[in-house]
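Have a look at the structure below, then the notes.
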C-alpha cells in the first residue's frame, strides 16, 4: 500500500466563521489545494492537461465532519487515491490536527476531453502517463 501524500496548511482568519471555526465550505477549498498538490507531485503541473485537450472535473464530493478546525491551527491533509478507474479517480483526504482526525473528504474526478466545435465535452480515458503517476498513490486495490 502506498504512503499517503501529505500537504500542510495553516487556517487563516478569513476562513473562519464568527466563532473562529473553519466555515464548512472552506474544506472544499482545502481539498482542492491538497488535490492540486497531490497532482503536481504524482503527475506534474495541472495546467498541462488543458494543453493536451483534457481536464478533470469533480463529479462527486462528500465530507464527514468529526471535529472543528480553528483559526491558526496547522492542518495536515493526508491524501490517497482509493480508486483509479478507466475515466474516473476517487481521492480521500483526511484532515488532521496533530493526530486528531477532523474531517474525511472524498471526491470523484472524471477525465473529460475539451469541447471542440465538432464535439461537446465528454468523458475520456485517463492517458497512460497520468494513470501511471496516480497509480503510485493508490491505496490498496484499485
(request) Just name the residue that is farthest from the chain's Cα centre (by Cα) out of those in segment 71-86 that are buried (at least 16 other Cβ atoms within 10 Å of the Cβ) and within 16 Å of residue 37 (Cβ to Cβ). (result) 75
(message) When you check residue 140 against the structure, is it in contact with a helix residue (DSSP H, G or I) (Cβ under 8 Å, 6 or more places away or on another chain) and over 20 Å from residue 60 (Cα atoms), yes or no?
(response) no
(message) Residues that are surrounded by fewer than 18 Cβ atoms within 10 Å (Cβ to Cβ), in a loop (DSSP other than H, G, I, E, B) and within 17 Å of the chain's Cα centre (by Cα): does segment 87-110 have at least one?
(response) yes
(request) Look at segment 51-70 and say how many of its residues are crowded, with 16+ Cβ neighbours inside 10 Å, within 14 Å of residue 26 (Cα to Cα) and in contact with a helix residue (DSSP H, G or I) (Cβ under 9 Å, 6 or more places away or on another chain). (result) 2
(request) Working carefully through the options 22, 33, find the one that is at pLDDT 95 or above and over 16 Å from residue 68 (Cβ atoms). (result) 33
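The values are calculated or read from the model by the stated rules, or taken from the named source; none is laboratory data. Everything numeric in this text was worked out from a predicted model, so none of it was measured. So basically every Cβ, Gly included, is an ideal-geometry build from the backbone, and we count neighbours across all protein chains shown.
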